[in-house]
């Protein structure tokens, strides 16, 4: 394809992915005689009747020469009303500057032989409603049977898609408002390739209020620049623990703008966004809790007046489990008066359930102490509350237990916030899955349209040129035609390769086995990877969306072997793990890696593709297993449920259609 032809600029500046419904047009064109394909005016006339395409022709002066029925229906203006004039510009583009710029662009395009462009414009229809059109514009030069020169434009109404994107933006805005209105400080940052926290990509208003920095100042900094307690090595250890467990709670001190430090309790959560690891950290001002703990450690003799000032619920239990004292915060948070609970032995009324478990934990706390244990209790009015318990036993000079001081820090609001965050993360997972499904549908639609439109046109062009070549006697002219035929052949081959890359046709038309065989041949040809394929599936009754996921996951795993395993051999095995689950195993005899340093996909940035695969497997209800040792290769197994496709969200199945090649 020559530079400047239709579609060339898509390689460097991809437009919105729109699949034009061209099947009916192709069936119509195939019924025409050979003369129509040799006559641009007949081809353009045939396009005018396509039900989904807006078709127009504008001459060098910007005057409208053609305007099909679809354009009339979408805009509300008839061809008779607009024909031969430039008033379509002022009617469709209310802003003078916009239509003048459009006229200038069209005039420039009309003078550039062989040029093309794609343009997305917003117009105003006759009824006053806005509409967004994606245009594909091509330069047309005059010929014997088509005397006009100018610009031919094919367009499609993408207003519905633009409106969907607007609604998605509004939804994200709502989530952002919730993010900014959280009372605690919230930080969002990446993890760089060395496992070191990167700069903050987002912070909320609570972070600015806690530390005194503006949002822009914080966005230019990193966790290392505001944490004055943890050293770099400590942070790396915490990052490893975070990758190991997925979440982490720890204490530290953050530097405020005025130079002072604020003690905080940080709850960090790891998640994947667009294949990259991200960390969401919620920092709560921990000054009050630390102050109370320090008072308890420094003073064996404390007065009830001090305890009553504590915002945390505090009660004292005797060696016989009878409650000896409860402060005002306890009465407020649990709803029981002092008279209702004083001298009352365990089990306590706020337990409500798990009596024996709570009794055992109470005995351990009274004799050994407990720090920071989360528990769920029930208030007198039946409301469920969460809190963090710290229990300190008090002994006499002989070591005998006298009392146990129990501090309850209410975490109910924090737990509710965690549930909200979990819900939002699930929503993000849902949106990510929708994007995955939409991408696969779009890949299939684009590859099909490439074949059915571009592929068929190239094939027909090849046939017509062969016929023309057979009628030409001059060698020079024959050579020119042969050069064009060669260009068409290369274009067809390039288009077939692109179709296979977008959506392997055999995955839809033949079987998963055939698609894997094609992928194996491709990996051997391009990377020299020798692959053994063991297919133990009794049948190919795998839902289409699972086939697509397994195929793309397999390609990612094979590319990991090429990049990191330092081997040229691999074994692929697919089988039924049980009647409801398919197991895909990819094994190599390469260098392997230390799984203890990479638990749960670890912290090696080069393995974020595995993290993305794991996220998708988990969303489908399956799991991923990694077995590896240094010097002994790696085995990755995906276990994916394969219940009936109509029972699972995200069906991307499409009926099989012909494909190039």
Going through the stretch 54-95 one residue at a time, which ones are more than 40 Å from the chain's Cα centre (by Cα) and without any contact (Cβ under 8 Å) to a residue 12 or more places away in the chain?
-> 78, 80, 81, 87, 90
With 428, 435, 362 as the choices, which residue is within 21 Å of residue 184 (Cβ to Cβ) and either out of contact with any strand residue (DSSP E or B) (no Cβ under 7 Å at 6 or more places or on another chain) or assigned to a strand (DSSP E or B) (or both)?
-> 428
Mind checking whether some residue in the stretch 312-320 is outside any strand (DSSP E or B), within 18 Å of residue 291 (Cα to Cα), outside the structural domain of residue 186 (by TED's automatic domain parsing) and touching a helix residue (DSSP H, G or I) at 6+ places or on another chain (Cβ under 8 Å)?
-> yes
Output for the stretch 368-379, where each listed residue is under 16 Å from residue 392 (Cα atoms) and in contact with a strand residue (DSSP E or B) (Cβ under 6 Å, 6 or more places away or on another chain) = 369, 370, 371, 372, 373, 374
Among 39, 35, 68, which is over 18 Å from residue 152 (Cβ atoms) and either out of contact with any strand residue (DSSP E or B) (no Cβ under 7 Å at 6 or more places or on another chain) or modelled with pLDDT of 50 or more (or both)?
-> 35
Restricting attention to the stretch 414-426, does a residue exist that is over 30 Å from residue 616 (Cα atoms) and either in contact (Cβ under 8 Å) with a residue 12 or more places away in the chain or crowded, with 17+ Cβ neighbours inside 10 Å (or both)?
-> no
For the stretch 155-166, indicate whether the set of residues that are more than 27 Å from the chain's Cα centre (by Cα), modelled with pLDDT under 80 and within 23 Å of residue 107 (Cβ to Cβ) is non-empty.
-> no
Kindly provide the set of residues from the stretch 174-197 that are under 15 Å from residue 271 (Cβ atoms) and at pLDDT 80 or above, ordered by number.
-> 186, 187, 188, 189, 190, 191, 197
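Matching residues to (1) assigned by TED's automatic domain parsing to the domain that holds residue 310; (2) in contact (Cβ under 8 Å) with a residue 40 or more places away in the chain; (3) surrounded by 12 or more Cβ atoms within 10 Å (Cβ to Cβ):
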| site | (1), (2), (3) |
| --- | --- |
| 322 | yes, no, yes |
| 326 | yes, no, yes |
| 343 | yes, no, no |
| 361 | yes, no, yes |
| 378 | yes, no, yes |
| 381 | yes, yes, no |
| 389 | yes, no, yes |
| 396 | yes, no, no |
| 404 | yes, yes, yes |
Can you name the residue in the stretch 101-123 that is out of contact with any strand residue (DSSP E or B) (no Cβ under 6 Å at 6 or more places or on another chain) and outside any loop (DSSP other than H, G, I, E, B) and, of all such residues, is surrounded by the most Cβ atoms within 10 Å (Cβ to Cβ)?
-> 102
Have a look at 244, 270 and point out the one that is modelled with pLDDT of 85 or more, closer than 20 Å to residue 192 by Cα, in a helix (DSSP H, G or I) and touching a helix residue (DSSP H, G or I) at 6+ places or on another chain (Cβ under 8 Å).
-> 244
Considering the stretch 557-573 alone, what residues qualify as being surrounded by 14 or more Cβ atoms within 10 Å (Cβ to Cβ) and part of a helix (DSSP H, G or I)?
-> 557, 558, 559, 560, 561, 562, 564, 565
Hey, any hits in the stretch 574-593 for a residue that's closer than 22 Å to residue 610 by Cα, in contact with a strand residue (DSSP E or B) (Cβ under 8 Å, 6 or more places away or on another chain) and assigned to a helix (DSSP H, G or I)?
-> no
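The values are calculated or read from the model by the stated rules, or taken from the named source; none is laboratory data. Bear in mind the structure is a predicted one, so any value in this text is a computation, not a measurement. Note that each Cβ is placed from the backbone with ideal geometry, even for glycine, and that neighbours are counted across all protein chains shown.
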